[in-house]
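As structure tokens, the structure follows; a few thoughts come after it.
The values are calculated or read from the model by the stated rules, or taken from the named source; none is laboratory data. As the structure is a computational prediction, the values presented were derived from the model and not from experiment. Ideal geometry is used to build each Cβ from the backbone, glycine not excepted, and the neighbour counts take in all protein chains shown. SASA here: full protein model, heavy atoms, side chains in, ligands and nucleic acids out. Shrake-Rupley method; radii C 1.70, N 1.55, O 1.52, S 1.80 Å.
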Amino acid sequence: MMDYKEMPLLKEMNIPYYVQIYDIIYQLIQENVLQEGDTLPGENILAEYWNVSRSTVRMAVRKLEEDGYIYKMQGKKTMVTGQLARNKDGLQHISNPCISSCIDTITKAEAVISVQNGGRLIGDLLGYNGKVFTAVAVDMKYYVGEAYVASSVAIIPVLRLEQEGIAIDEEEKLKDLALSGLYKRAGRSSLSMSAVEWTEEVADQPQSPIIIVMDEVLYEDEAPLAYHKYRMDSNWYRFTLDRRL
């Protein structure tokens with residue numbers, strides 16, 4: 001970690017100070033001088049160093065956080081995120097967003113596996129068209145250190161597991177399939193995204209005012225593979241998408 005006193009000083013020019021501060025930190029991240037996990041000095045320290053108000057520094061920090069270069073958790077220091085480097089191609093590529101879009105590295109994923117009959121909505125999405133089908137539900141919880149940051153559920157038809165040669169009691173194989181295996185097989189996906197504000201405490205979800213919810217059906221050669229739902233603590237996630245005409 002570099003000494004903050006080695007950071008360039010601000011200049012008298014027709015560029016607001018908060019923009020200059022943003023550019024300085026951004027450039028240090030681009031040049032890999034500031035790396036993922038490095039902490040930035042507090043706002044008071046930086047304000048004194050650059051001889052500006054704390055609100056000026058706070059504005060630059062907020063913009064850097066909005067753009068996904070740093071993150072600031074309540075009660076913790078401001079840190080550099082490597083999420084943009086890990087997922088610079090964004091949502092247009094098929095991957096598990098609970099892993100790829102987190103601003104920090106997921107360090108642990110826990111799975112609870114159950115066998116159940118699939119519901120009508122999921123059955124329709126997976127091509128069963130009202131027919132009863134049996135599926136395995138893989139419920140996952142994702143952690144950064146001890147922080148619970150996201151959850152997901154994958155509904156995988158038992159017929160698909162038979163094609164994969166996986167038994168319903170092979171928990172590690174089922175976990176790997178839900179975490180990454182299905183995404184490697186998928187040729188396309190159908191995805192929706194919304195923000196939900198919880199009005200009461202929900203014990204089995206990350207505790208955050210806003211939860212990002214994404215529903216996804218993965219397809220292989222136009223045949224549905226599995227249904228997924230994700231709930232992500234908005235404090236820990238940033239999403240990018242390359243849009244073109």
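Quick check on region 1-49: what are the equivalent-ellipsoid semi-axes from the Cα gyration tensor, as sqrt(5λ), descending, whole Å? Walk me through the intermediate numbers first.
Details: eigenvalues 69, 36, 16 Å².
Value: 19, 13, 9 Å, ordered largest first.
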Apply the Karplus parameterisation 6.51 cos²θ - 1.76 cosθ + 1.60, with θ equal to phi minus 60°, to every residue of region 217-224 and state each ³J(HN,Hα) to the nearest whole Hz, in sequence, with x for glycine and proline.
-> 10, 8, 10, 10, 6, 6, 9, x
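Past the 19 Å Cα-Cα mark, which pairs from K108/K173; K141/K229; K5/K63? Provide the component values of the computation, followed by the final result.
Values: K108/K173 16 Å; K141/K229 12 Å; K5/K63 22 Å.
Checking Cα-Cα distances, K5/K63 exceed 19 Å.
What is the extension gain from A195 to R58, computed as 0.36 nm multiplied by their sequence separation minus the C-alpha to C-alpha distance, in nm to one decimal?
Details: separation 137, 0.36 × 137 = 49.32 nm, distance 2.57 nm.
Length difference between fully extended and current span is 46.7 nm.
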Once the principal axes of the Cα atoms of the chain are found, what is the range along each, listed largest first in whole angstroms?
-> 70, 42, 31
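For the chain, what does the accessible surface come to per residue with a 1.4 Å probe? Please give it in Å². Write out the running numbers ahead of the final one.
Numbers: 13750 Å² over 245 residues.
Averaged over the residues of the chain, the accessible area is 56 Å².
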From the backbone phi of region 138-145, what are the Karplus-calculated ³J(HN,Hα) couplings (6.51 cos²θ - 1.76 cosθ + 1.60, θ = phi - 60°) in whole Hz, Gly and Pro given as x?
-> 10, 8, 10, 10, 10, 10, 10, x
Most mobile of L64, L218, L125 in a GNM of the chain (Cα contacts under 10 Å) = L125
Within the chain: Cβ-based charge dipole about Cα centre, in debye rounded to nearest 20 (Lys, Arg +1; Asp, Glu -1) | 480 debye
Across region 82-182, how large is the tail of the calculated P(r) beyond 22 Å, expressed as a percent of all Cα pairs?
-> 39 percent
Under a point spin-label approximation (7 Å from Cα along Cα-to-Cβ), what is the R244-R120 distance to one decimal in nm?
-> 4.2 nm
